[in-house]
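Just below is one structure, and these are the notes that go with it.
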Amino acid sequence: MILSTQVTFRNMTAIADVRKTIETRIQKLETFCKPILSCRVMIEAPAKHHRKGDPFHVRVDTTLTDGRIVVKHSESLYPGKREIGEERSKKGRETTSERNCLMLAVRGAFSAARRKLQEHARLRRADVKTHEPNLMATVSRIFPDEGYGYLETPDGREIYFHENSVLGSPFKKLRTGATAQFVEESGLKGPQASTVRIIRKSRLENGSPTPVGRRT
């Protein structure tokens, strides 16, 4: 959840349901790239004496842990808004047209923000993949039925790994003592291993029962 958010209206009165829509869209941005530290949205209407046919401007400013993404989007008023209405019914249509234009501007800005965040996430993954070190460890404990185990590093640390992180080797056939390469990352409960590759099998792997570690 993005904790720091701000929605600002300029040259126009704040509209409660538009604000709510924007706040919902802000929270959805983290589904494309996370974490997002803050997001500020500014909606600017044309000045009253220039309103006919001028666009709404929407700016979405997101701050990430490793950068900042800013997008701007403009949407011109519908042609009907450019004509001066003389009847009340026509004024009602103009109001609807203006609101539609505002919502189009909001959708356009958030679509652009979504694309930029997705691209940032792709570049981030590629950068991590290029620079992430391959560490060495030994399978110290394994729980085949539960689908997880632990690696012991040369410096004596124990690193959790899940069966889905094991590449190229069936998880249920792993044995303690096998040597593995892995990438360390932060998990909800501390360090954990991803992209675990078994590079040397254990001597116990030829049909011997799996030694099961003591639960903690």
**Message:** Can you tell me which residue is farthest from residue 103 (Cα to Cα) among those in segment 56-71 that are surrounded by 16 or more Cβ atoms within 10 Å (Cβ to Cβ) and more than 14 Å from the chain's Cα centre (by Cα)?
**Reply:** 61
**Request:** Starting from residues that are modelled with pLDDT of 80 or more and among the β-branched types (Val, Ile, Thr), keep the ones in segment 174-216 and report whichever is farthest from residue 136 (Cα to Cα).
**Result:** 176
**Item:** Tally of residues being part of a helix (DSSP H, G or I), under 18 Å from residue 46 (Cβ atoms) and either modelled with pLDDT of 90 or more or of a type in the set (Ser, Thr, Tyr) (or both) across segment 78-124
**Value:** 10
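The values are calculated or read from the model by the stated rules, or taken from the named source; none is laboratory data. Since the structure is predicted, the reported quantities are computational estimates derived from the model, not experimental observations. Cβ atoms come from the backbone with ideal geometry, glycine included; neighbour counts cover every protein chain shown.
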